[in-house]
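Let me begin by presenting the structure, written as structure tokens, before commenting on it.
The values are calculated or read from the model by the stated rules, or taken from the named source; none is laboratory data. The structure displayed is predicted, hence computed values, not measured ones. In this analysis, Cβ positions are derived from the backbone assuming ideal geometry, glycine residues included, and neighbour counts consider all displayed protein chains. When the accessible area is computed, the model is the full protein with side chains, heavy atoms only, and any ligands, DNA or RNA have been set aside. Shrake-Rupley method; radii C 1.70, N 1.55, O 1.52, S 1.80 Å.
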Number of protein chains: 2
Amino acid sequence: MRPPAIIERYRSEINAELESVIDGHELPLYNMMKYHLGWTDEKGNPAQKDGGKALRPALCLFSCEASGGDYRDALPAAAAVELVHNFSLIHDDVQDDDRERRHRPTVWVVWGKPQAINAGTAMRILANNAVERLLQLGVSLRKLFHINRRLDEMSLRLIEGQYLDISFEDRYDITVNDYIDMIEHKTGALIEGSMELGAYLGTNSRLTVLAFKKIGMNIGLAFQIRDDILGIWGNETETGKPSGNDIRRRKKSFPFVYTLENCSGIQRKELLAIYQQARPSGEGVEKALEIFEAAGVKNRARQMIEEYCADSNESFNKLDVNEQSRRDMEEVLRFLNDRSY
Amino acid sequence: MRPPAIIERYRSEINAELESVIDGHELPLYNMMKYHLGWTDEKGNPAQKDGGKALRPALCLFSCEASGGDYRDALPAAAAVELVHNFSLIHDDVQDDDRERRHRPTVWVVWGKPQAINAGTAMRILANNAVERLLQLGVSLRKLFHINRRLDEMSLRLIEGQYLDISFEDRYDITVNDYIDMIEHKTGALIEGSMELGAYLGTNSRLTVLAFKKIGMNIGLAFQIRDDILGIWGNETETGKPSGNDIRRRKKSFPFVYTLENCSGIQRKELLAIYQQARPSGEGVEKALEIFEAAGVKNRARQMIEEYCADSNESFNKLDVNEQSRRDMEEVLRFLNDRSY
């Protein structure tokens, strides 16, 4: 399926904004960031690789535009949320020992874990540098202060989510509620903040900003649940990760958590046995897939995503937006339901 | 030797300020920080362990007071620099695979490296929360903005220093100049910033602020060189690290770098052979110590520290400070020369 138009529409300007933040720095430390973002190869030569969907900055700019602003006024904030997101990916790959992202070796595989930790943390600091450019665009210090505070809050929530996600690794009593709480932190908070900050820079209406904030959280949750489905049934060429991957990694993602709460005692025992192996066998993966299917995970995931999308739509429909923004929003919601990468 | 009075004088208020920043957060993630700071044991029970010298916040408050301010006005900034310092220690232990700090297991030994990475990064974000309280103390948004920007700059410089330090591991061509550049980043920038921000909150005189900034950099460099000496000749009960430790870890610290530049060809070859082993033997450590002694490392270190202290003193003497601040400064400089921990 085609990605929503907003992803392509803003991409070159988002990249230019990101480049302006990173380019002022000289050390090879910053080459690691450029590599991660798909701009260079491992040696630092220019490349045009997949740098990810850049969904969060696109949603930030979209929210600015849809709430009545000029999206260019939100470019520094869009760059900031993308830097926060990518800092967390660089650390996440270190933490999860993941060797590949976007069909390329992860940063730590190339430069080692100690340096990848440095690159990730430095990238989080650069997010603060990014929003500073708002002052040049005429944003008041008071507004900038608010944006900085929100960036910190969403970063902290994201790290807390990462903390929760990792703490789930040794636990077999995670409920769907625990899971939702975890993804509200890990994924919801930053997408929520991306849309909130976009609207904050596009309108003075507090109600509109709050509406985009709510939409962002719903989109975030729908996005993560779909991500978890793709982590198990996704196609490797599209997602960049082998199918069944999250079973082999024994991730306590939605399919596992939901199934554990909704299957028979025998299946529960079988599933737990598979997830308690150091590395589930091919047979174990097959068996887990069977149990997930029987529990109706895919249907339930689709239902939940539809509910989150319906909530988003309801909030959105109360707003006074133009035709293009309405179409953009429809595309985003369709993407959340149907994306295969 | 007795630590300088400023270390004890401000300690309880610095701790109270740090507690006020961390206490509002509930997740076990924050217990990792409390453990690291010496306030709790591994289970979260209250404890009173060594949380480090807290030199940076003490220098921050001292600079505020010495420049004519009320040190309490700088408490939020002092907490912030201490959080930046400790974030870097938590990550540093992960990166260097160090299992002990301040006579206790490091955070990653207790909670694992993935969670230690989270605790460190979250602590860096809390530094931003800490300085926000300045608004309640009547600091203007413009000043707060400047302080935030400086916190980001010094954090970035610190991470760059960490990057350089790690990149030295595979290199045997590091000069004393390279080394100084690295410690200006890794250690100098944050101590420089601690004193600069303290003065910034204590006086409106730009020249005074710049003087404290310069003093801070000199103190930082002297501090790090002394640290490197203690990393090799320090006494384990005092430093918390076994003597000769930095040789076994093959750190490219001052003694190694200086000696390599200032010894005979034969000694150079011997030293390189020792440092190119995976883990130098007891015999290798003894031999390296011998070569360091022959090169006069300790003398040269003492000379350099004295020069940095003299520079600090010269800047300080131009300022109009009261008798107590003068004594405080003398104690700090004596400490830099003679500290054994």
Rounded to the nearest 20 Debye, what is the dipole magnitude of chain A about its Cα centre when Lys and Arg each give +1 and Asp and Glu each give -1 at the C-beta?
140
Using the alpha-carbon atoms, what tilt in degrees (0 to 90, nearest 10) does helix A:113-132 show relative to the longest principal axis of chain A?
40
For chain A, set up a Gaussian network in which alpha carbons nearer than 10 Å are linked by springs, and say which option among A:Glu132, A:Glu169, A:Glu196 fluctuates the most.
A:Glu169
Relative contact order for chain B: what is it in percent, counting Cα pairs under 8 Å that are at least 6 residues apart?
20
For segment A:1-150, with +1 on Lys and Arg beta carbons and -1 on Asp and Glu, the positive-most of A:Asn128, A:His103, A:Gly44 along the dipole
A:Asn128
Could you work out the mean count of beta carbons from other protein chains within 10 Å of each residue's beta carbon in A:92-98?
2
Report, please, the projected area of segment A:1-73 averaged over directions, based on the convex hull of its C-alpha atoms, in nm².
5.6
Protein accessible area in chain B, 1.4 Å probe - carbon and sulfur %
44
Relative to the longest principal Cα axis of chain B, at what angle does helix B:189-200 sit, 0 to 90 degrees, rounded to 10?
20
As a quick test, which of the pairs A:Lys113/B:Lys269; A:Lys49/B:Lys214; A:Lys251/A:Lys318; A:Lys251/B:Lys34; A:Lys49/A:Lys269 have an alpha carbon distance above 32 angstrom in this structure?
A:Lys49/B:Lys214; A:Lys251/A:Lys318; A:Lys49/A:Lys269
Residue (of B:Ile90, B:Pro280, B:Leu59) at the positive-pole extreme of chain B, dipole from beta-carbon charges
B:Ile90
7 Å from Cα along Cα→Cβ at both B:His25 and A:Arg11: what's the point-to-point distance in nm?
3.6
Binning at 20 angstrom from zero up to the longest distance, how are the C-alpha pair distances of the protein assembly as shown distributed in percent?
17, 48, 29, 6, 0
If you bin the C-alpha pair distances of chain B every 10 Å from 0, what whole percents do you get?
6, 25, 34, 24, 10, 2, 0
Based on alpha-carbon centroids, what's the gap between segment A:220-282 and segment A:8-30 in Å, whole number please?
35
Probe 1.4 Å, all chains present, heavy atoms only: B:Asp178 accessible area in Å², nearest 10, is 50
Cβ-derived FRET efficiency at R0 41 Å, B:Asn45 paired with B:Gln303, nearest 0.05:
0.30
Could you give, in nm with one decimal, how far A:Arg142 is from each other copy of that position, shortest first, with labels 7 Å out from Cα toward Cβ?
1.6
Computed Rg/Rh for segment B:81-130 (Cα atoms; Rh = Kirkwood radius) stands at 0.98
Considering every Cα-Cα pair within segment A:119-236, what fraction, in whole percent, is farther apart than 25 Å?
33
Separation of the B:Glu236 and A:Glu261 label points, Cα + 7 Å toward Cβ, nm:
5.2
Would you mind listing how long segment A:1-124 runs along its three principal axes, going by Cα atoms, in whole Å with the largest first?
45, 35, 25
Report the extension gain between A:Ser243 and A:Asn177 in nm, rounded to one decimal, defined as 0.36 nm multiplied by the number of residues separating them, less their alpha carbon distance.
21.2 nm
Where does the charge balance sit around A:Val285 when Lys and Arg score +1, Asp and Glu -1, over other residues with C-beta under 15 Å from its C-beta?
0
With all protein chains in place and a 1.4 Å probe, A:His146 shows an accessible area in Å² (nearest 10) of 60
What's the total accessible area buried between chains B and A, using a 1.4 Å probe, rounded to the nearest 100 Å²?
3500
Counting only backbone N atoms under 18 Å from a point 7 Å out along Cα-to-Cβ of A:Gln276, the residues of segment A:145-176 in range are A:168-175
Approximate spin-label separation B:Glu290-B:Glu153, in nm, with each point projected 7 Å along Cα-to-Cβ
4.9
Crossing angle, helix B:206-233 versus chain B [Cα axis fit, 0-90 degrees, rounded to tens]
40
With +1 at each Lys and Arg Cβ and -1 at each Asp and Glu Cβ, the charge dipole magnitude of the protein assembly as shown around its Cα centre, to the nearest 20 debye, comes out at 80
Along the charge dipole of segment A:128-279, which of A:Leu141, A:Asn235, A:Ala211 sits closest to the positive end, that is, farthest toward it, with unit charges on the beta carbon of Lys, Arg, Asp and Glu (+1, +1, -1, -1)?
A:Leu141
Taking N as the number of residues in segment A:116-184, the ratio of its alpha carbon radius of gyration to 2.2 N^0.38 Å works out to 1.50
Counting only the backbone N, which residues of segment A:270-297 are under 20 Å from the spot 7 Å out from the Cα of A:Asp170 toward its beta-carbon?
A:272-280
With a Förster radius of 56 Å, plug the Cβ-Cβ distance of A:Leu135 and B:Tyr341 into 1/(1 + (r/R0)^6) and report the FRET value to the nearest 0.05.
0.80
